[in-house]
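The structure appears right after this line, and notes come after that.
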Amino acid sequence: MKSPVSHVLKVLHERYATLREGKVADYIPELSKANPDWFGICIATRDGHLYEVGDTRQKFTIQSISKALSYGLALEDRGEDHVLKRIGVEPSGDAFNAISLKPGSGAPFNPMINAGAIATCGQILKIDGESRIERIAKYLSRCAGGQLEIDEEIYRSESMTGHRNRAIGWMLRNFDIIEEEPREILETYFQQCSLKVTCADLAVMGATLANQGFNPITGERAIAHEYVDNVLGVMASCGMYDWSGEWIYRVGLPAKSGVGGGILAVLPGQLGIGVFSPPLDEQGNSVRGIRVCMDLARELSLHMFNPSAVPQPALRRSYNASQVNSRRRLPAITFRELRRYGDRIRVLELQGPLLFSTFEPVIRELVKQAAYCQHIILNFTYVFSVDAVSLRMLHQVWQQLAEAGVRLICCHAGRHGHPIAAAGLGEESLFTTEDAALESCENEVLAGILPHHEMVPPPVGLLDCTLFSRCDAAELELLGSRMESASYAAGDTIIQSGSRADELFVLTSGSVEVRLNLGNKRYQRLDVFSSGMSFGELAFLDASPRSADVVATAGVECRIITRALFEEIGHAHPALKAKILNEIALQLCDRLRQANIEISALRN
Ligand code: GLN
């Protein structure tokens with residue numbers, strides 16, 4: 001089945017394939033060999049999916065589009081202040097190849113015109129024996145997710161005819177914007193412009209810029225996080241030469257074009273677009289490229305100032321420990337207390353990008369909750385980025401809450417765990433799972449309300465096992481004499497998922513964990529039982545295979561009711577069997593009721 005998105009691209013391609021306006025660049029003789037009919041459109045999403053139509057795999061030279069990316073490399077090499085002192089960020093209003101330098105300082109207006117781009121080349125360092133062009137080629141290759149090669153013919157052709165760019169180079173030398181003989185820098189610039197790309201490469205480079213500098217296909221970091229907005233900033237204000245104002249008004253996407261016929265556009269945080277069609281307009285922008293981008297932006301509402309493009313607030317869901325608890329099962333009385341005081345523990349589930357505007361409502365909620373809670377757990381499962389401002393504010397609010405006696409914990413932080421820890425939230429505030437975080441908070445709350453409560457219940461006799469709570473002394477004696485006993489060491493698997501279920505276990509000492517195997521040695525804890533409780537009743541009752549593993553977490557002693565014994569009891573002592581079944585039914589009712597409370601809290 002064809003996606004409707006591909007259809008949009010196909011329609012656009014058909015709409016403009018027959019357009020015959022514009023002229024293939026010929027001031028660099030080799031460029032004039034391009035076929036005016038080549039035409040490709042590609043969209044790359046932030047998660048690395050490509051939609052393509054037309055000549056998206058035809059190679060052509062990147063030309064000026066390289067300027068945007070090598071500006072990123074110069075910023076990484078020299079830092080922002082150093083670069084800004086030498087190259088401005090102001091639209092020039094002149095043609096791309098104008099010898100336009102600011103009066104007085106001689107600084108180029110911006111890095112997107114030739115003067116600024118040549119100056120930018122001069123800022124790139126030679127490191128570890130690697131030349132500037134080698135470093136530029138590697139940098140751009142990382143953005144594209146594939147090795148980019150120089151088109152030697154085009155490079156030679158441009159180098160032989162690039163007298164105007166040489167003049168610019170010497171002017172830059174004159175003003176000390178370039179501090180060495182400009183010859184090699186100019187060759188670097190010509191080579192950089194001659195790197196071969198495809199329309200799909202451009203889209204991926206765009207998606208890399210949209211994806212905080214991570215190439216969404218290789219997953220590799222290509223552009224330093226802190227300079228992504230600088231690169232997009234100059235693209236937005238200066239990327240389309242002296243048509244940049246019109247462009248941002250009509251299309252509204254940071255973009256860069258090149259005389260090879262390429263246009264790279266970015267919807268920050270969302271996607272990259274590559275368009276390729278060699279015929280150019282007077283400003284040197286691809287004619288079909290501009291039309292395609294204008295239509296795409298309008299038809300898919302991609303303008304970056306689109307008023308509906310509002311990020312969702314980061315607060316996805318909120319509940320407390322009277323609704324949702326850790327997976328560990330507690331004795332009934334303890335559990336009742338926990339439910340009663342559970343509102344002292346609050347869980348806030350966060351989502352999306354954390355930046356000032358999305359994180360601010362979370363802070364508001366934290367400040368409000370501080371009046372009611374002792375523990376607040378932030379669940380980061382659905383958070384895909386955390387910016388520096390949110391980290392700073394998270395740290396501040398964490399500190400203030402601590403002063404107010406409220407413990408703030410982060411869990412499921414995944415790849416954000418490191419920055420969160422580095423931002424000053426101590427190890428004790430970071431938990432791998434919400435389950436573990438809840439258990440820790442529950443223990444603290446319980447310690448306050450039931451000071452004599454023991455977290456690890458002591459061994460019990462049959463009399464104190466819930467399953468037999470309705471049995472009389474004679475019945476207990478009968479059971480005691482007939483049930484098998486088993487002991488397990490910590491780490492032993494007592495029940496293997498998939499196996500036959502012929503046994504019901506009554507735990508008299510120690511504790512066991514029910515685990516759902518997630519593969520790769522990972523598992524999710526579903527339940528924890530301790531002495532006095534029974535387990536394995538589900539599959540025992542309906543004779544289905546075991547649905548999860550049960551593993552001893554401490555030395556375990558248990559008694560076992562086998563299916564054979566249970567049937568025998570049914571014949572000889574039907575009242576006893578009824579009591580046991582009745583107790584199991586009550587426990588299942590209880591569990592179902594708890595599950596319903598949890599589900600309704602989690603559906604909110
Ligand atoms: N190499 C080309 C030049 O300097 C790049 C110009 C462009 O793509 N606008 O002339």
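Coordinate-derived values only; no laboratory data. Predicted model, so just to flag it, every value in this text is computed and none were measured. FYI the Cβ positions are ideal-geometry reconstructions off the backbone, even for glycines, and counts take in every protein chain you see.
Things to note:
- Charged neighbours of residue 367, selected by a Cβ distance under 14 Å, balance to 0 (K, R count +1; D, E count -1).
- Relative to the longest principal axis of the Cα atoms of the chain, helix 563-572 runs at roughly 30 degrees.
- All lysines inside 29 Å of residue 33 as judged from Cα atoms, apart from same-chain residues fewer than 8 positions distant: 10, 23, 59, 67, 138, 196, 256
- When shorter helices are ignored and each DSSP H run of at least 4 residues is given -39500 (n - 2.57), the per-residue value for the chain at 222 nm works out to -13000 deg cm²/dmol.
- Contour minus Cα-Cα distance for residue 270 and residue 472 (0.36 nm per residue): 65.9 nm
- Annotation for the range 224-316: GluC sites (Glu not before Pro) lying in DSSP loop with at most 16 further Cβ atoms inside 10 Å of their Cβ are 282.
- Span from the the range 364-426 Cα centroid across to the the range 307-361 one, whole angstrom: 13 Å
- For residue 554, the shell of other residues with beta-carbons less than 12 Å away shows a net charge of -3, using +1 for Lys and Arg and -1 for Asp and Glu.
- The chain: relative contact order as a whole-number percent, Cα under 8 Å and 6+ apart: 11 percent
- Fully extending the segment from residue 554 to residue 452, taken as 0.36 nm per residue of separation minus the present Cα-Cα distance, adds 34.6 nm.
- The C-alpha atoms of the chain define a longest principal axis, and helix 473-482 lies at about 60 degrees to it.
- The alpha carbon gyration tensor of the range 446-604 gives principal lengths a ≥ b ≥ c with a/c below 1.5, which makes the shape rounded.
- Gain upon complete extension [residue 49, residue 35; 0.36 nm per residue less C-alpha separation]: 2.3 nm
- Restriction of the GluC sites (Glu not before Pro) in the range 90-186 to DSSP coil positions whose beta-carbon has at most 16 other beta-carbons within 10 angstrom yields 149, 179, 180.
- Nearest-ten-degree value, helix 228-238 long axis tilted from longest Cα axis of the chain: 40 degrees
- Spin-label proximity, residue 161 to the range 245-285 - amide N less than 18 Å from point 7 Å beyond Cα toward beta carbon: 258-262, 278-285
- Computed E for residue 11/residue 575 - FRET, C-beta separation, R0 60 angstrom, nearest 0.05: 0.20
- Relative contact order (%) - the range 21-69, alpha-carbon pairs under 8 angstrom, separation at least six: 24 percent
- Here's how it looks for residue 316: its modeled amide H is under 5 Å from those of 349, 350, 351, which are all 5 or more places away or on a different chain.
- A Förster radius of 51 Å combined with the Cβ-Cβ distance from residue 464 to residue 415 puts the calculated FRET efficiency at roughly 0.65.
- Mean Cα-pair separation over length for the range 1-140, i.e. relative contact order, pairs under 8 Å, 6 or more apart, %: 18 percent
- FRET E, pair residue 318, residue 404, Förster distance 22 Å, beta-carbon r, rounded to 0.05: 0.70
- Cα gyration tensor, the range 46-202 - rounded (a/c under 1.5), prolate or oblate: prolate
- Approximate shape of the chain as ellipsoid semi-axes (Cα gyration tensor, √5λ), whole Å, largest first: 67, 26, 21
- Distance-filtered residues of the range 262-281 - backbone nitrogen under 15 Å, label point 7 angstrom along residue 300 Cα→Cβ: 263-276
- Restriction of the GluC sites (Glu not before Pro) in the range 1-54 to DSSP coil positions whose beta-carbon has at most 15 other beta-carbons within 10 angstrom yields 21.
- Beta bridges from DSSP with both residues in the chain: antiparallel share about 80 percent, rounded to the nearest 5.
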